[in-house]
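Structure first, commentary second.
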Amino acid sequence: MKAIIFAAGVGKRLQGVTEGRPKCLVDLGGRTLLSRHVEALGQLGVCQVVLVVGYAQDHIRKAMAADPFVQEVRWVVNEQFTRGSITSLWAARFEMDDDVVLMDADVLYAPSILARLVHSPFPTALLMDETVKQESEECMIAAKAGRVLTLSKSLPSAYDEAGEGVGFLKVQEQDIPALLQSVQAYVAVGALDMEYEDALKEFFEKVPVGYEKIGGLPWIEIDFPKDIDRAESEILPAVLSLEENTRATTLRP
């Protein structure tokens, strides 16, 4: 299994905070989001990381060169990084030659959340926070009979349950052709300003995609300055507390 991390975007809404650096390099508790990704993946045995970069990529390359948790990094450059995230997925298509975990780079989360996805009995799966109700632009998973119907900011008319998608998608190797075929249909007509999640409708119709519920576990997507404030004051302390409790339980005789 390899991880493909999408880190090409500009992050316009955070420019006042990031000051020209990619938002995956936002520092929280002395660590960047990207460094935390790489460490969590390594702990799960996912040592090959593909980084899709574009905006201010030199900053990311420099950070990874100095990161003690990096084992193997491959680089994909998305020259159309000002367009939608579909361009990052499409740029990385030739790296999808194994089971993969597709990851948005702008998420802070408890490592146990990623572990739940990697170890899920569903070979192709998403993570759903079933405690979240859509209020604005949350990317929501809608599911029926244990199968994902859609992953979009628009919910369908009929579904059994819904929750926010965390931003990670595990895909087994045999399902990758269906994934790319679904995305290619939009790329072919020049629909490059969309999020890749909206290009997966046909994929979900063809492939039974499962999901793991992670409601109650700490995580946050960093889109706005207020998200950084919440990450520092609420989410990161919860993540660190959960990690400490896990270590204590593991060491207990």
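Please tell me if VAL207 is open to solvent by less than 30 Å² (accessible area, probe 1.4 Å), touching a residue at least 40 places away in the same chain (Cβ under 8 Å) and within 18 Å of the chain's Cα centre (by Cα).
no
Can you name the number of the only condition in (1) among the hydroxyl-bearing types (Ser, Thr, Tyr); (2) part of a strand (DSSP E or B); (3) surrounded by fewer than 19 Cβ atoms within 10 Å (Cβ to Cβ) that SER233 fails?
(2)
Could you grab me the full set of residues in region 129-151 that are buried (at least 20 other Cβ atoms within 10 Å of the Cβ) and farther than 19 Å from VAL100 by Cβ?
Within region 129-151, MET140, ALA142, ALA143, LEU149, THR150 meet the criteria.
Check LEU114 against each of (1) assigned to a loop (DSSP other than H, G, I, E, B); (2) surrounded by 22 or more Cβ atoms within 10 Å (Cβ to Cβ) and name the one condition it does not meet.
Of everything listed in (1) assigned to a loop (DSSP other than H, G, I, E, B); (2) surrounded by 22 or more Cβ atoms within 10 Å (Cβ to Cβ), LEU114 misses just condition (1).
I'd like to check something: does region 57-69 contain any residue that is closer than 26 Å to SER112 by Cβ, open to solvent by 40 Å² or more (accessible area, probe 1.4 Å) and part of a helix (DSSP H, G or I)?
no
Can you name the residue in region 45-59 that is among the aliphatic types (A, V, I, L, M) and under 17 Å from the mean Cα position of the chain (by Cα) and, of all such residues, is farthest from ASP97 (Cα to Cα)?
Once the filter is applied, the top-ranked residue is VAL53.
If you check ASP160 against the conditions, is it touching a residue at least 12 places away in the same chain (Cβ under 8 Å), surrounded by fewer than 19 Cβ atoms within 10 Å (Cβ to Cβ) and under 16 Å from the mean Cα position of the chain (by Cα)?
Answer is no for this residue.
Scan region 1-38 residue by residue and report those that are open to solvent by 10 Å² or more (accessible area, probe 1.4 Å), more than 26 Å from GLU79 (Cβ to Cβ) and touching a strand residue (DSSP E or B) at 6+ places or on another chain (Cβ under 8 Å).
MET1, ARG36 - these are the residues of region 1-38 that are open to solvent by 10 Å² or more (accessible area, probe 1.4 Å), more than 26 Å from GLU79 (Cβ to Cβ) and touching a strand residue (DSSP E or B) at 6+ places or on another chain (Cβ under 8 Å).
Where residues in region 90-111 are among the aromatic types (Phe, Trp, Tyr) and part of a helix (DSSP H, G or I), which of them is least open to solvent (accessible area, probe 1.4 Å)?
Here the answer is TRP90.
Tell me whether region 21-30 contains one or more residues that are part of a helix (DSSP H, G or I) and of a type in the set (D, E, K, R).
Checked against the condition, which is being part of a helix (DSSP H, G or I) and of a type in the set (D, E, K, R), region 21-30 yields at least one hit.
Give just the number: which of (1) hydrophobic (A, V, I, L, M, F, W, C); (2) under 22 Å from LEU169 (Cβ atoms); (3) modelled with pLDDT under 95 does VAL70 not satisfy?
Going through the list (1) hydrophobic (A, V, I, L, M, F, W, C); (2) under 22 Å from LEU169 (Cβ atoms); (3) modelled with pLDDT under 95, VAL70 breaks only (2).
Tell me, please, whether a residue that is modelled with pLDDT under 95, closer than 29 Å to ALA238 by Cα and charged (D, E, K, R) can be found in region 106-118.
no
The values are calculated or read from the model by the stated rules, or taken from the named source; none is laboratory data. All of these numbers come straight from a predicted model, not from anything done at the bench. Please note: Cβ atoms are built from the backbone with ideal geometry, for glycine as well, and neighbour counts cover all protein chains shown. Only protein heavy atoms, including side chains, enter the accessible area calculation; ligands, DNA and RNA are left aside. Shrake-Rupley method; radii C 1.70, N 1.55, O 1.52, S 1.80 Å.
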